[in-house]
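Data block below; observations after.
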Amino acid sequence: MMKVYLAGPCDSDNRTMMVHIASILRELRLSVYCPFELKIPHAWDMSQEDWAQEVFNKDIEAINECDLMIMIST
């Protein structure tokens, strides 16, 4: 299955659009990684720095593993 990294605005004004695009890609049977869907276990127990590092690490891992990166710009 092709892996897609979907990058773009994650603010509340654009969230609906990003969710819709991810849904369309998944309907096409693509594996989609969306940074705004990332859940970090026990995030509330982490310092801001540790949480940021974990998010960064997960994003870099997903970028390195993807076959295609799509950037949505508004």
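So for the chain, averaging the separation of alpha carbon pairs under 8 Å that are six or more residues apart and normalising by length, what relative contact order in percent results?
Value for the chain: 53 percent.
Note down the accessible area of SER73, probe 1.4 Å, to the nearest 10 Å².
100
Just by accessible area at a 1.4 angstrom probe, what is the order of ILE70, ILE40, ILE24 from largest to smallest?
ILE24, ILE70, ILE40
Can you tell me the 0 to 90 degree angle between the C-alpha axis of helix 15-27 and the longest principal axis of the chain, rounded to 10?
Tilt of helix 15-27: around 60 degrees.
With axes computed from alpha carbons, what is the tilt in degrees of helix 48-65 against the longest principal axis of the chain, rounded to the nearest 10 within 0 to 90?
Between the helix axis and the principal axis of the chain, the angle is about 30 degrees.
Please compute the alpha carbon radius of gyration of the stretch 7-71, then divide it by the globular-protein estimate 2.2 N^0.38 Å. Two decimals is fine.
On the way: Rg = 13.1 Å, N = 65, 2.2 N^0.38 = 10.7 Å.
Cα Rg divided by the expected 2.2 N^0.38 Å: 1.22.
The values are calculated or read from the model by the stated rules, or taken from the named source; none is laboratory data. Small disclaimer: the values here were computed from a predicted structure and weren't measured. Areas reflect the complete protein model, heavy atoms only, side chains present, ligands, DNA and RNA absent. Shrake-Rupley method; radii C 1.70, N 1.55, O 1.52, S 1.80 Å.
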